[in-house]
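The values are calculated or read from the model by the stated rules, or taken from the named source; none is laboratory data. Computed from a prediction, not measured in an experiment: that's the story for all the values here. In this analysis, Cβ positions are derived from the backbone assuming ideal geometry, glycine residues included, and neighbour counts consider all displayed protein chains. Areas reflect the complete protein model, heavy atoms only, side chains present, ligands, DNA and RNA absent. Shrake-Rupley method; radii C 1.70, N 1.55, O 1.52, S 1.80 Å.
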Amino acid sequence: MDEYGLDEEFKCQKCTVNKCQNCKSDYKTCTSCLDGYGFDSNKQNLIKCQKENCKSCNNDYTKCSICKKDYILDAIENSCQDKCFDPNCIACNEFDHTKCYRCKDGF
């Protein structure tokens with residue numbers, strides 16, 4: 001399993017970093033976090049993602065990299081937003097959710 005790594009005697013050990021999904025060959029070094037968690041600034045501890053509706057913030061717990069279903073990533077704010085600002089819009093600009101480029105039928 002990915003949450004295991006080798007110790008000094010080349011025995012498999014469970015990763016010692018809490019909320020770690022993948023360890024390097026060294027069981028004390030985490031390479032990726034469980035969904036909803038990201039690394040602190042020192043890359044030593046895993047902390048719950050700071051942004052709402054964030055699925056993954058693996059590299060930095062203060063910046064979202066993947067949003068939960070039905071949300072899109074605001075690349076400027078590194079946060080998750082409702083798909084579109086206008087409820088009659090089904091496709092909007094990734095960087096500006098107020099700019100619609102495809103409306104629902106009849107709009």
**Message:** Taking amide H atoms as placed 1.01 Å from N in the peptide plane, list the residues 5 or more away in sequence, or in a different chain, whose amide H sits under 5 Å from that of Tyr4.
**Reply:** Cys15, Cys23
**Message:** For a quick size check, give me the Cα extents of the chain along its three principal axes, largest first, whole Å.
**Reply:** 68, 25, 15
**Request:** Please identify every one of the chymotrypsin sites (Phe, Trp or Tyr not before Pro) in region 1-45 that sits in a loop by DSSP and has no more than 12 other beta carbons within 10 Å of its own beta carbon.
**Result:** Phe10
**Item:** Placed amide H near Lys83: partners under 5 Å, 5+ positions off or other chain
**Value:** Ile72
**Fill in**
Length gained, Asn88-Asp70, 0.36 nm per residue minus C-alpha separation, equals 5.0 nm
**Karplus-derived HN-Hα couplings along region 38-46 (A = 6.51, B = -1.76, C = 1.60, θ = phi - 60°), whole Hz, x at Gly and Pro** = x, 6, 7, 5, 8, 6, 9, 10, 9
**Asked** Over region 47-107, one equal point on each Cα, no solvent: what is log10 I(q)/I(0) by the Debye formula at q = 0.12, 0.18, 0.22, 0.26 Å⁻¹?
**Response** -0.31, -0.60, -0.78, -0.96
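Would you mind telling me the share, in percent, of accessible area of the chain contributed by carbon and sulfur at probe 1.4 angstrom?
46
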**Complete:** Amide H neighbours of Cys103 at under 5 Å, excluding residues fewer than 5 places away on the same chain, with H built from the backbone geometry, are Ile90
